[in-house]
Amino acid sequence: MSDFYVDTLNKLIHQGVLARTSRVLVVCGGPRDQQALLECGFENVVISNLDSRMTGNEFAPFDWSFQDAEQLEYEDDCFDFCVAHSGLHHCRSPHRALLEMYRVSRKGVIVFEPLDNAVCRLGVRLGLGQDYELAAVAGNDYAYGGLKNTPIPNYVYRWTEREIEKAIQSNCPLGKHRFRYFYRLRVPWERTQLMNSRLLYLAFAALMPLARLFTLAFPHASNNFAFVVQKPDLPSDLYPWLTQDADDIRLDTAWVKQLYR
């Protein structure tokens, strides 16, 4: 299991962003989520996915739910946090899934995904990375693991920080969001071990020590990151051109008239 997952959750607990008592929904979930959340001491967790093979007990002591991350069957704000670990790039619209996570969470979202940068794009061109997730399908008996957990290999959608901030703030232009980013080199050993080309595997293994040193010096060159979006704490984070009365948020026309006729 990736230590990055556990390390990030523990940092967020230490920083007071998360609590072990938080009610958490995991989308696109699996055994890795179960192990990480158990290790971090969480108790109130629902792990969801689109795997029709589930019976409901696989993630005990946590609950399981059959859910499409792009169309969650939950009311607004019914979880404290929503988590996705390496799952949004399996969706038809990763942005839609992100905004669904945002909708059902009261405090925010925590997402682990591939990072889009020049180093990662070069790795794909050299055959060290992949644009379509063929390996995930090959590792699931050519029956699961692709687009929406089908055998069709999904496009590996890689994110940038600016893209995340624009998507979130367009969705909810009411107040100040808080964004946090954590970076880590993710070495896909499972994928490389499935390669038929021994030469490519050896080249990959030889480059990894250099890649680790490089990303330690330049974290933004990593191929993987976690991003945390904390929702505005209203009314204190409300933008000054808005006013709030109970749950009703309205434009403060007097404030706007200070700038425009």
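Taking only the C-alpha atoms of the chain, Rg followed by Dmax gives 20.1, 70 Å.
Between ARG250 and VAL187, full extension at 0.36 nm per residue minus the direct alpha carbon distance yields a gain of 17.9 nm. Judged by the mean number of other Cβ atoms found within 10 Å, the most tightly packed of the peptides 71-79, 83-91 leads the ranking 83-91, 71-79. Of the complete DSSP H runs in the chain, those spanning 18 angstrom or more by Cα along the long axis with a mean Kyte-Doolittle score not below -0.5 are 198-217. Here, P(r) means the percent of Cα pairs in each 5 Å bin from 0 to the largest distance; for segment 219-261 it is 5, 17, 18, 13, 11, 9, 8, 8, 9, 2.
A Förster distance of 25 Å, applied to the separation of the beta-carbon atoms of GLN71 and LEU234, puts the FRET efficiency at 0.45. Only one residue of GLY139, THR8, PHE66 has its Cα farthest out toward the positive end of the dipole of segment 3-230, where Lys and Arg carry +1 and Asp and Glu -1 on Cβ, and that residue is THR8. Per-residue 3J(HN,Hα) values for segment 221-226, derived from phi via the Karplus relation 6.51 cos²θ - 1.76 cosθ + 1.60 with θ = phi - 60°, read 8, 5, 9, 9, 8, 10 Hz in sequence order (x marks Gly and Pro). All Cα-Cα separations within segment 29-101 were binned at 5 Å from zero, giving a P(r) of 3, 15, 28, 26, 20, 7, 0, each value a whole percent of the pairs. Computed about the Cα centre, the dipole magnitude for segment 1-136 is approximately 320 debye when only Lys and Arg (+1) and Asp and Glu (-1) carry charge, each at its Cβ.
Summing Cβ point charges (Lys, Arg +1; Asp, Glu -1) relative to the Cα centre of the chain gives a dipole of roughly 1020 debye. In terms of its C-alpha gyration tensor, segment 89-187 comes out oblate, because a/c is 1.5 or above while a/b does not outweigh b/c. For the pair segment 156-174 and segment 231-259, the centres of their Cα atoms are 22 angstrom apart.
Within the chain, DSSP assigns beta bridges of which about 55% are antiparallel (rounded to the nearest 5).
So what's the gap between the Cα centers of segment 1-44 and segment 53-73, to the nearest angstrom? Comparing the Cα centres of segment 1-44 and segment 53-73, I get a distance of 16 Å.
Rule-based calculations on the coordinates, nothing more; no lab input. These figures come from a predicted structure and were not determined experimentally. All Cβ positions, glycine included, derive from the backbone under ideal geometry; neighbour counts span all protein chains shown.
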